1. Anything in the range 137-148 that is open to solvent by less than 60 Å² (accessible area, probe 1.4 Å) and either in contact with a Gly (Cβ under 7 Å, 6 or more places away or on another chain) or in contact (Cβ under 8 Å) with a residue 24 or more places away in the chain (or both)? List them, or say none.
2. Please identify the pairs in which a residue from the range 1-30 that is away from the ligand (no atom under 11 Å from the Cβ) and open to solvent by 50 Å² or more (accessible area, probe 1.4 Å) has its Cβ atom under 6 Å from the Cβ atom of a residue that is assigned to a loop (DSSP other than H, G, I, E, B) and at pLDDT 95 or above, counting only partners at least 6 apart or on another chain.
3. Any residue in the range 38-66 that is under 24 Å from T139 (Cα atoms) and touching a residue at least 60 places away in the same chain (Cβ under 8 Å) sitting within a Cβ distance under 6 Å of a residue that is polar (S, T, N, Q) and away from the ligand (no atom under 11 Å from the Cβ)? List the pairs, counting only those 6 or more apart or interchain.
4. So K72 ticks every box in (1) surrounded by 15 or more Cβ atoms within 10 Å (Cβ to Cβ); (2) at positive phi but one. Which box is left unticked?
5. State all residues of the range 75-112 that are within 14 Å of A123 (Cα to Cα) and open to solvent by less than 70 Å² (accessible area, probe 1.4 Å); if no residue qualifies, say none.
6. Which residues, counting only those in the range 48-74, are modelled with pLDDT of 90 or more, more than 26 Å from A97 (Cβ to Cβ) and among the small types (G, A, S)?
7. Does S65 fit the bill of being of a type in the set (S, T, N, Q), more than 14 Å from the ligand (Cβ to nearest atom) and not assigned by TED's automatic domain parsing to the domain that holds T139?
8. Suppose we filter the range 39-57 for residues that are surrounded by 10 or more Cβ atoms within 10 Å (Cβ to Cβ) and near the ligand (Cβ under 8 Å from one of its atoms); how many remain?
Amino acid sequence: MSRVAVVGAGPNGLAAGCVAARAGLDVTVYEANTTIGGAARTIPLDGSEAVFDVGSAVHPMALLSPAFADLKVRERVDFLVPQMSYAHVLDQRTAYAWQDLDRTVEHLDSGSNLPLGQGAVFAGLLGPLVQRINQLGDTLLNPLLRLPAHPGTLAAFGVATLGGMGLQQALSRRYPKAAALLAGCAAHVAGGSR
Ligand SMILES: Cc1cc2nc3c(=O)[nH]c(=O)nc-3n(C[C@H](O)[C@H](O)[C@H](O)COP(=O)(O)OP(=O)(O)OC[C@H]3O[C@@H](n4cnc5c(N)ncnc54)[C@H](O)[C@@H]3O)c2cc1C
């Protein structure tokens with residue numbers, strides 16, 4: 001039997017090890033830390049009874065990941081899904097993105113005396129993606145070097161991405177809260193490529 005060495009027991013090393021083991025290979029995972037999980041670990045620090053996320057804390061893509069679905073991670077791990085997904089709290093443009101898009105739209109429009117509702121702009125960008133979230137996950141989280149299974153969804157993603165950039169850069173004065181929410185997401189994409 002062929003032998004495989006995986007260096008690092010973070011999420012990627014563990015997923016790679018599982019895939020290789022399922023393919024019938026003899027897998028050994030090497031980990032420098034005393035616990036597995038890498039930057040996704042939740043562990044006690046300094047003897048505390050409380051546990052801390054030493055790296056990642058929010059895992060929306062884990063719920064969509066085809067690799068995790070294949071490994072039945074959702075059935076084995078209890079994911080806590082808060083009603084509020086994220087917020088922008090840095091200045092007077094404080095805004096919240098609820099898990100429910102309609103609730104976010106309502107919140108963005110509350111107290112707004114702008115001529116065109118920010119909520120409608122936000123929903124116009126993200127609504128088509130929310131409706132096709134499973135197709136979107138399948139398209140973006142599988143190898144990209146293939147004919148897309150859902151070209152319409154990919155096009156909607158392109159429109160939302162370009163529209164989001166336009167909203168942030170050109171229209172942020174008119175739609176400050178919606179632009180702030182999108183800016184936070186965009187910044188995290190850059191951070192995620194560490
Ligand atoms: C502060 C922070 C916050 C984050 N927040 C989020 C978030 O909220 N949501 C999200 O989705 N992602 C987040 N991330 C990103 C996410 O944690 C990483 O994308 C993910 O952990 C990468 O997994 P990995 O297996 O590639 O690497 P890692 O998780 O880094 O695991 C690598 C493992 O390899 C081990 N290792 C390295 N070299 C050796 C060696 N020579 N020998 C033996 N073992 C070795 C390390 O000890 C480690 O356990 C965050 C990351 C950080 C640092």
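1. Correct list: G137, D138, N142.
2. S2/L25
3. Listed by first residue and then by second, the contacts come to P66/N142.
4. Condition (1) is where K72 drops out.
5. Correct list: A97, W98, L101, T104, V105, H107, L108, D109.
6. Correct list: A50 only.
7. no
8. Result for the range 39-57: 7.
The values are calculated or read from the model by the stated rules, or taken from the named source; none is laboratory data. Everything quoted here is computed from the prediction, not taken from an experiment. Note: ideal-geometry Cβ built from the backbone for every residue, glycine included; neighbour counts use all protein chains shown. We work out accessible area using only protein heavy atoms, side chains counted, and drop any ligands, DNA or RNA first. Shrake-Rupley method; radii C 1.70, N 1.55, O 1.52, S 1.80 Å.
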